[in-house]
Amino acid sequence: MPILFSFRRCPYAIRARLALAECRIPVTLREVSLKNKPPELLRCSKKGTVPVLVTDLGQVIDESTDIMIWAVEQKFGRGSSLVEERAGSLAWVGRFDDEFKPSLDKYKYHRTTDEKSREYYRDRNLGWLSAINDRIPAWVDRRSDSLSLEEMALLPFIRQYAAVDPLWFQSLPYSWLSDWLDQWIRDPMFMGVMKKYPFWDEGSEGIDWRPWAA
Ligand SMILES: N[C@@H](CCC(=O)N[C@@H](CS)C(=O)NCC(=O)O)C(=O)O
């Protein structure tokens, strides 16, 4: 089975686990501590970030969106329309990662020594929230016959953003955003993806992970 080095709360790892789960790809899960990274993780990928997937063929994939694409290719095949669409989607997700995440971190972990106020960093992401809100109907429409890489990729970050001040988030004038997030958070598959596991014991293989079967 492929091996996934993961950290439960990391939004990049969550998006990778969600794609693997939606594509029903079982993996051996190795939950790692970012403060005490196992040498095996660093041997596989010098970057030292999670998620990292090691396939059955020994290929190392150490970017979350690449793991998502790999999962989709396993399920739908390389030529599928979903995989074809990925270039545009992933360019958008790449911009999101570059822009949304830094402001999210400043909002979530704001320090009095930061140059600007917490609200400043919070509000810098409003343009993204509005753009995401506009895409939600199309994501929901296609769910019956396909998956949206964008939807799965952005969800963990929106979840973190909303959790900083849930009441304020719910009061935003974006008609679909709050319900969309609520539905995901209550989704049994998402709950399975967020299940807690102990840190990997390096003497063991890891957890046989298939959250859809729970
Ligand atoms: N571009 C990478 C980013 C992954 C990343 O930065 N993950 C964080 C955890 S959320 C990490 O592993 N940081 C390393 C550390 O904290 O030492 C991806 O998409 O996989």
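Here, each number is a calculation from the coordinates, and none is a lab measurement. Source: prediction; values computed, not measured. So basically every Cβ, Gly included, is an ideal-geometry build from the backbone, and we count neighbours across all protein chains shown.
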(request) Return the percentage of antiparallel bridges among DSSP beta bridges fully within the chain, rounded to the nearest 5 %. (result) 70 percent
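Between their Cα atoms, which of LYS46/LYS196; LYS47/LYS195; LYS37/LYS196; LYS37/LYS106; LYS47/LYS196 are more than 22 Å away from each other? Display every interim value, and only then the final one.
Numbers: LYS46/LYS196 26 Å; LYS47/LYS195 26 Å; LYS37/LYS196 18 Å; LYS37/LYS106 25 Å; LYS47/LYS196 24 Å.
Pairs exceeding 22 Å: LYS46/LYS196; LYS47/LYS195; LYS37/LYS106; LYS47/LYS196.
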(message) Going Cα to Cα from LYS101, which lysines come in below 18 Å? Please leave out same-chain ones fewer than 8 positions away.
(response) LYS116
(message) Output wanted: per-residue J couplings in Hz (rounded whole) for the stretch 179-188, from phi through Karplus 6.51 cos²θ - 1.76 cosθ + 1.60, θ = phi - 60°, x for Gly and Pro.
(response) 5, 4, 5, 4, 4, 5, 5, 8, 5, x
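Based solely on its DSSP helices, what 222 nm [θ] is calculated for the chain when runs of n ≥ 4 H residues each add -39,500 (n - 2.57) and the sum is averaged over all residues, nearest 500 deg cm²/dmol?
Value at 222 nm, helices only, nearest 500: -16500 deg cm²/dmol.
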(message) Tell me the volume per residue, in Å³, of the convex hull enclosing the alpha carbons of the stretch 38-130.
(response) 136 Å³
(request) Hand me the GluC sites (Glu not before Pro) from the stretch 149-214 located in a DSSP loop with no more than 15 other Cβ atoms within 10 Å, in residue order please. (result) GLU202, GLU205
(message) So if I restrict to the alpha-carbon atoms in the chain, what is the Rg, and what is Dmax, the biggest pairwise distance, in Å?
(response) 17.5, 51
(request) Would you mind checking the radius of gyration and Dmax of the stretch 81-187 based on alpha-carbon positions, in Å? (result) 14.5, 49
(message) What is the angle, in °, between the Cα long axis of helix 86-108 and the longest principal axis of the Cα atoms in the chain? Nearest 10 is fine, range 0 to 90.
(response) 70 degrees
